[in-house]
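Asks: Encoded as structure tokens, here's the structure I'll be asking about.
Only the coordinates and a few stated rules stand behind these numbers; no lab work does. Not measured: the values here are computed from a predicted model. For neighbour counting, all protein chains shown are included, and Cβ atoms are generated from backbone atoms with ideal geometry for every residue, glycine included.
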Amino acid sequence: MRAPHLILGVGELLWDMPPGAAPGAIDAAGRKATLGGAPANFTVMAGRLGNHAAILSRIGRDELGREAVERLNPLPVDTGALQIDAAHATGSVTVDLSHSEPRYTIHGPVAWDYLELSDEWVRLAERADAICFGSLAQRSDQSRQTIQALAAQTRSACIRVFDVNLRPPFYSEEIVEESLELATVAKMNEAEAPLILDLLGLAAAGLEVDGALALRFAAERLLEEFPALQLVAITRGSHGSLLVTRDEWNEHPGFPVTVGDSIGAGDAFTAAITHYLLRGASLATLNEAGNRWGGWVASQVGAMPELPEPVREGIEAEIEGVG
């Protein structure tokens, strides 16, 4: 039997809280704080797909930190490398779901702004089959240096996923450029793709295209500019996703779902394509997997909903049918 792949999610671990709700409280609409953070959401899904998934983050020595570990412990995710910060609080974000897309107020500085490059983390990076990191956790110099050093420590065969997460004002041209130079896979949404081209000065003046063609152009431009990149993945919400390599591309229309909330759906997409990339799957299978799992998370409430075994088996069977 093949050993599970080692997949690392490095960056923010935090609580998503509805407006006006205190930790542990429930707001007027019946919503309560849920655990999240893109790297944490990614890692939980990677573990649910059968990998050895470890979250590399930092929490406070406080009640929210203890609750985070209690929430993660029953899930198939390795929390053994979490760092504890005695001086800074566990991260939290206020999430307003009253609009068509979530609106975030990201509080700080918090524990995950102070990620340390420990020997334990370096050893994990040297053994990793895949590592996922984003732009948000690089808002502080210390965490940025740690994340980029970890990505640089991985083997050449390691899949290095840069999960773009442009939350103003917590990104810059330098963060995006340095991250893309390290990555073999770049994942973004359709709103972020043109912003990245503009940020990096790569947009072509006078090119009048829109829709999927514009997204293909953006992906091809990034592949041209960053030699280490092998795949650009662009999610399009309810309209599916586009995957582009230097040799081919594949577009998926997505699946209709009744949305519980969209928090964590993109992270599930990223985990699914990473899982199948490690197995040498086709772009069509990657797209099917990403949209199946992203759609399922979007149909639930919270980024780490319960996953009944029959649901998992059913989704996996649909994905294997494409292969």
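Asks: Which GluC sites (Glu not before Pro) from the stretch 227-309 combine a DSSP loop assignment with at most 11 other Cβ atoms within 10 Å? Kindly include the intermediate steps, with their values, before the conclusion.
Replies: Details: sites: Glu248, Glu251, Glu288, Glu306; in loops: Glu248, Glu306.
Answer by residue number: Glu248, Glu306.
Asks: Going by how many other beta carbons lie within 10 Å of each one, how would you line up Arg279, Arg48, fewest first?
Replies: Working: Arg279 12, Arg48 20.
Lowest count first: Arg279, Arg48.
Asks: Show the residues, 5+ positions off or on another chain, whose built amide H is closer than 5 Å to the amide H of Ile159.
Replies: So Ile159 has HN proximity to Ala130, Ile131.
Asks: What value, in deg cm²/dmol to 500, does the helix sum -39500 (n - 2.57) over DSSP H runs of n ≥ 4 give at 222 nm once divided by the residues of the chain? Before the final figure, lay out the partial values.
Replies: Working: 10 runs with 120 residues, N = 323.
After summing the helix terms and dividing by the residues of the chain, the value is -11500 deg cm²/dmol.
Asks: Pop the C-beta distance of Tyr114 and Ala212 into the FRET formula with R0 = 35 Å and round what comes out to the nearest 0.05. Mind dumping the intermediate values first?
Replies: Values: r = 41 Å, r/R0 = 1.17.
That gives a FRET efficiency of 0.30.
Asks: Only bridges whose two residues both fall in the chain count here: according to DSSP, what percent of them are antiparallel, nearest 5? Before the final figure, lay out each step's value.
Replies: Details: 16 of 46 bridges.
For the chain, the DSSP antiparallel bridge percentage is about 35.
Asks: If packing is taken as the average number of other Cβ atoms within 10 Å across a peptide's residues, how do 307-317, 52-62, 211-221 rank, most packed first? Let's see the in-between values first.
Replies: Working: 307-317: 12.3, 52-62: 23.0, 211-221: 17.8.
Top of the packing list down: 52-62, 211-221, 307-317.
Asks: Another question, if that's okay. Dipole of the chain, Cα-centred, from +1 at each Lys and Arg C-beta and -1 at each Asp and Glu C-beta, to the nearest 20 debye?
Replies: Numbers: 24 positive and 44 negative charges, 112 e Å.
Computed charge dipole of the chain: roughly 540 debye.
Asks: Hey, can you grab everything whose amide H is under 5 Å from the amide H of Asp78? Only 5+ residues off in sequence or another chain; H modelled, so Pro and N-termini drop out.
Replies: Ala53, Ala54, Ile55
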